[in-house]
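Data first, discussion second: the structure below is written as structure tokens.
The values are calculated or read from the model by the stated rules, or taken from the named source; none is laboratory data. All of these numbers come straight from a predicted model, not from anything done at the bench. Don't worry about glycine lacking a Cβ; one is built from the backbone with ideal geometry, like all the others, and counts go over all protein chains shown.
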Amino acid sequence: MEEALRAPQSAEPDAEIALGRLGDFVGFRLRRIQNQLSREFAQVTDRYQLRQGLFSALAIISANPGLSQIMLAREVGLDKSMAVMVVDELEQRGWAERRRSPTDRRRHALYTTEAGEAWLAEMFAALEVVEHDVLDALGEGDRKLLTAILDRVYKACFRG
């Protein structure tokens, strides 16, 4: 019994570690990759002292001018109050702005500013550096397949 409780011998740094039952769950595998890439991205962009979700929120706003805060929260995976804080910070930094929605005066429509677009260009350049080796290891065909699979997984998360 003592044998089973003893810590495993230290493995080589590059040795594969068994995932056990965790290996059967897509969420764990995705989170493990996301954690590593996020850490590397944070190191590359450390000088900006970014709140989590700031870059992705601005990128989604840029791709969808006039987007509502509710839709932004859903797409980025933030609760509504956190999305408000992220948009507040984007506005404080001069990267985005809220305008009254032309179709529903009770809602705000979100837009990037010229400074926000310039900052996004820097961030996407940093992201390309961080993900270069990962994307290069996959090749174009695998990247397209992975993107399609991840999109299906994301849609399945909203099945209810």
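Might you check whether a residue that is more than 26 Å from Lys155 (Cα to Cα), in a helix (DSSP H, G or I) and at pLDDT below 95 occurs anywhere in segment 63-79? No.
Evaluating Leu146 against the criteria (1) surrounded by 15 or more Cβ atoms within 10 Å (Cβ to Cβ); (2) aliphatic (A, V, I, L, M); (3) under 29 Å from Leu30 (Cα atoms) leaves one unmet condition, (1). Where residues in segment 3-34 are loosely packed, with under 10 Cβ neighbours inside 10 Å and either of a type in the set (A, V, I, L, M) or closer than 21 Å to Val76 by Cα (or both), which of them is modelled with the highest pLDDT? Across segment 3-34, the extreme among qualifying residues is Ala18.
The number of residues in segment 53-79 being under 19 Å from Gly94 (Cβ atoms) and free of Cβ contacts under 8 Å to residues at least 40 places away in the same chain comes to 6. Assess whether Glu128 counts as being at pLDDT 95 or above and either more than 21 Å from the chain's Cα centre (by Cα) or within 19 Å of Gln52 (Cα to Cα) (or both). So Glu128 fails the test. Of the residues screened, Ala57 is not one that is of a type in the set (Gly, Ala, Ser), in contact with a Pro (Cβ under 8 Å, 6 or more places away or on another chain) and surrounded by 12 or more Cβ atoms within 10 Å (Cβ to Cβ).
Of all residues in segment 82-96, none satisfies being on the phi > 0 side of the Ramachandran plot and under 15 Å from the mean Cα position of the chain (by Cα).
From the list Ala109, Ala137, exactly one residue is modelled with pLDDT of 90 or more and either outside any helix (DSSP H, G or I) or surrounded by 12 or more Cβ atoms within 10 Å (Cβ to Cβ) (or both). Which is it? Sole residue among the options that is modelled with pLDDT of 90 or more and either outside any helix (DSSP H, G or I) or surrounded by 12 or more Cβ atoms within 10 Å (Cβ to Cβ) (or both): Ala109. Taking the criterion of being modelled with pLDDT under 95, more than 12 Å from the chain's Cα centre (by Cα) and part of a helix (DSSP H, G or I), the residues of segment 42-62 that qualify are Gln43, Val44, Asp46, Arg47, Tyr48. Have a look at Ser56, Ser81 and point out the one that is hydroxyl-bearing (Ser, Thr, Tyr) and closer than 22 Å to Leu150 by Cβ. Ser56 is the lone residue from the list that is hydroxyl-bearing (Ser, Thr, Tyr) and closer than 22 Å to Leu150 by Cβ. The sole residue among Ala148, Ala125 that is in a helix (DSSP H, G or I), closer than 21 Å to Gln36 by Cβ and among the small types (Gly, Ala, Ser) is Ala125.
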